[in-house]
Structures are given as structure tokens and as C-alpha cells.
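The values are calculated or read from the model by the stated rules, or taken from the named source; none is laboratory data. Fair warning: this is a prediction, and the values are worked out from it, not measured in the lab. Glycine gets a Cβ as well: all are built from the backbone with ideal geometry, and neighbour counts include every protein chain shown. Surface accessibility is based on the protein's heavy atoms, side chains included, excluding ligands, DNA and RNA. Shrake-Rupley method; radii C 1.70, N 1.55, O 1.52, S 1.80 Å.
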Amino acid sequence: DLAKNRKIDTLPEEAAHFYVELLAKRNTKDNLTEYNLYQDLMSKIETWEKFEDVKKAYMPKYNDLEMVKKEAIAKAIAEAIVDRFESSNDPIKKAITDLLEWLKSLFKTNKNFNVSKTTFERIYKINH
């Protein structure tokens, strides 16, 4: 049960699943920025120090490496959001920072959203 098992990264991880799926849906060569970003995340996530733990936990459930990678990306994003990367040299961190920049650009280009960079960074605790 999500409510009983929540931790500091539970909500960011659930939101990250949305980000990953949004990016995956836009993963076409017509959307070159999104395509490159998705490919970058999918190719680098296996280098993340916690990927094998995620794979071990979720491969029996999904039996699909792409789904496991998406799960791991969401978990890595959640950790980035709550500033819990153990190594600042983690290769996936750059790709996640690019994803968060892409998300911010969506808010900037949509006239119905008026979310300032400062507000976004305060909410998600983005460190560059």
C-alpha cells in the first residue's frame, strides 16, 4: 500500500513515472530533443549504481528490460529530485538534469502555465 510505505522519494518517483512516459510517447525522430533525451536516458540507466537492484526487484514482475529501465529512470529521477545521489559523477545525473530542463521548457512554452524557474527549482530542489 502506497500510503503505508511512503518515503521522502515516493511522490517524486510517482511523478517521475509520468515524466518518463511523457518522454517515451514523444520519442520520435520528429521530436529530436525528446528522442535524443529518451535514448540518452535509456542507454545510460544501466550504468547507474542502483540499476541492478531495480532490475532484480522488477524483472520478475515486468519480464521486460525496457519496463525495468523506465522504472529505474523514475527511481533515479526521484533521487535527483530529493538530492540523494551518492556520487556527483554518476553518468545518469547529467541525463536526468537534461530531462528536468526539458520539462521546464514545456512549462515555459505553454502559455497556460506561468511557473517561474525559481518556483520550479524550489519545488524540485534542482541543483546544477
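Between Glu66 and Asn31, 0.36 nm times their residue separation minus their Cα-Cα distance comes to what?
10.6 nm
Take Met59, Met42 and sort them by solvent-accessible surface of the protein heavy atoms, 1.4 Å probe, largest at the top.
Accessible-area ranking of Met59, Met42, largest first: Met59, Met42.
Note down the nm distance, to one decimal, between modelled labels 7 Å out along Cα→Cβ at Glu49 and at Leu11.
The answer from the label model is 2.7 nm.
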